[in-house]
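Please treat every number below as a calculation from the coordinates, not as lab data. Model, not experiment: these values are computed from the prediction. Every residue, glycine as well, gets a Cβ built from its backbone with ideal geometry; the counts of neighbours run over all protein chains shown.
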Amino acid sequence: MIVRALTLAGGLAGAAGLSQFPEFSQQYTQRLGGAVDELTRVVDQFDEDARTAGLSRQAALEQLAQGGALGELRSQSMRQTISRHRRLNADLVALREAGPFTRASRVTHLTDPDIARAAWQDFRPAAPLTFEGAVFGGTGFLAGSMALSALLGVLSWPFRRRARRRPARA
């Protein structure tokens, strides 16, 4: 009886947790879109400044690096900004192309710590009233139930009584 109750509790915890994924991933994607928009503005402005000076992006970065300690630091930070823009833009494309179920298989595109932290701070769990929320909830229920059932089985294994062999009757 207790094992069933604990298994049910594990299932409900799994359902409650996993059913939140569609909404969290949507909020993450929205924040990611905002970050990509802002980084695009910064990178485009840098590229425009380079063109105005008659330079390519690479030549502008190299020239900036030759401008002393501050120029070197600014060149490095601009390279990091350009790299982050590329990475986040690729993540955004992958997530926008994915539906709510496919997004779960692209969870590796939800890994920017700054964006994830900001999305998590504003995230408020809610009852999932969408089809995908129900499917994720059901999956979480099954996963939680099975995980807790397996754990309880492993923990109770040493305490099980061994079946006694009875002599065969002739």
- In whole Hz, what ³J(HN,Hα) sequence does the stretch 29-39 give by Karplus (6.51, -1.76, 1.60; θ = phi - 60°), x for Gly and Pro? 4, 5, 5, 4, x, x, 5, 5, 4, 5, 5
- Sorted from fewest to most neighbouring beta carbons within 10 Å, what does the list Arg79, Arg86 look like? Arg86, Arg79
- Task: Compute the long axis of helix 131-156 from its Cα atoms, compare it with the longest principal axis of the Cα atoms of the chain, and write down the angle in degrees, 0 to 90, nearest 10.
- Result: 50 degrees
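What percent do you get for the relative contact order of the stretch 1-110 when only Cα pairs under 8 Å and 6+ apart count?
Relative contact order here is 27 percent.
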- Task: Express in nm, to one decimal, how much length is gained between Thr130 and Arg57 on full extension, taking 0.36 nm for each residue of separation and deducting their alpha carbon distance.
- Result: 21.7 nm
- FRET efficiency, 1/(1 + (r/R0)^6) with R0 45 Å, evaluated for Ile2 and Ser77 via beta carbons: 0.20
- Item | Order of Ser83, Ser19 - criterion: other Cβ atoms within 10 Å of each residue's Cβ, fewest first | Ser83, Ser19
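Over the stretch 60-170, what is the relative contact order in whole percent, taking alpha-carbon pairs under 8 Å and six or more residues apart? Write out the running numbers ahead of the final one.
Working: 29 pairs, mean separation 13.0, N = 111.
Relative contact order, the stretch 60-170: 12 percent.
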- Dipole magnitude (debye, nearest 20) for the chain, charges at Cβ of Lys, Arg, Asp, Glu: 2080 debye
- Could you work out the helix-only [θ] at 222 nm for the chain, with each DSSP H run of four or more residues adding -39,500 (n - 2.57) and the total divided by the number of residues, to the nearest 500 deg cm²/dmol? -25500 deg cm²/dmol
- Note on the structure: Exposure proxy check on Val36, Val3: fewest-to-most Cβ neighbours within 10 Å is Val3, Val36
